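What follows is one structure encoded as structure tokens, with my remarks underneath.
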Amino acid sequence: MKTREEAFQLLDHLNAPQHLINHVALVGEAADLLIEKFMEMKVNLDPDFVRIGVVIHDIGKITHTNEMYGPGSQHEPEGERILLSRGFAPAIARCCLSHARWSDMEWTIEELTIALSDKLWKGKRVEELELQLIDRISHTLGADRWDVFPELDLCFEAIASEGHNRLERSAAN
């Protein structure tokens, strides 16, 4: 799988509920804004990995539909299992776990970007997650955390501040 469109085709093939398709599209809006900022800052990042990972990160909710509207984590290993059984690369399948378990795993910048997008889309700021991503980015840029913090914090706030609009669109579908 090489494109976001192919990832959406997989969701369609698996009869994903419209609510899930809408959710990952809205998370994708936040991810695209992060990707744009990171590219502007010359961060070494695979944008296609992020775009695909965003679309498939909750694929396990097709099986665990009770987690579509409520709490639960059974969809995470189920999503990884679904993708691995279909021949997906382990790195992309792992996004089903890392988007929610970022505080308990080793991760890539791409995985942290997916996890943060899954928070910011709805207006939620998670300081620990944001700081881990800022630290990873500052390290890869050879910069001090506080040199990149203001620019990224403004970006995160701008994305989160539109969360209410994305939530309204989510509820309308």
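The values are calculated or read from the model by the stated rules, or taken from the named source; none is laboratory data. Here the structure is a predicted model, which means the values were calculated and not measured. Virtual Cβ from ideal backbone geometry, glycine too; neighbours counted across all protein chains shown. We work out accessible area using only protein heavy atoms, side chains counted, and drop any ligands, DNA or RNA first. Shrake-Rupley method; radii C 1.70, N 1.55, O 1.52, S 1.80 Å.
Working carefully through the options Glu111, Glu157, find the one that is modelled with pLDDT of 95 or more, under 20 Å from Arg51 (Cα atoms) and acidic (Asp, Glu). None of the other options fit; the residue is Glu111. Within segment 162-171, being surrounded by 12 or more Cβ atoms within 10 Å (Cβ to Cβ) and free of Cβ contacts under 8 Å to residues at least 40 places away in the same chain holds for Glu162, Asn165. Only residues that are modelled with pLDDT of 95 or more and in a loop (DSSP other than H, G, I, E, B) were counted in segment 160-173, giving 1. Considering the conditions (1) farther than 16 Å from Lys2 by Cα; (2) surrounded by 21 or more Cβ atoms within 10 Å (Cβ to Cβ), Ile56 is excluded by exactly one of them, (1). Within this structure, Glu5 fails the test of being assigned to a loop (DSSP other than H, G, I, E, B), farther than 23 Å from Gly163 by Cβ and open to solvent by 30 Å² or more (accessible area, probe 1.4 Å). Here Glu78 meets the list (1) charged (D, E, K, R); (2) touching a Gly at 6+ places or on another chain (Cβ under 6 Å); (3) open to solvent by 60 Å² or more (accessible area, probe 1.4 Å) almost entirely, failing just condition (3). Please determine whether any residue of segment 144-157 is without any contact (Cβ under 8 Å) to a residue 12 or more places away in the chain, assigned to a helix (DSSP H, G or I), open to solvent by 60 Å² or more (accessible area, probe 1.4 Å) and of a type in the set (Asp, Glu). Yes, the conditions are met somewhere in segment 144-157. Ser103 meets all of the listed conditions (1) of a type in the set (Ser, Thr, Tyr); (2) surrounded by 14 or more Cβ atoms within 10 Å (Cβ to Cβ); (3) at pLDDT below 95 but one, namely (2).
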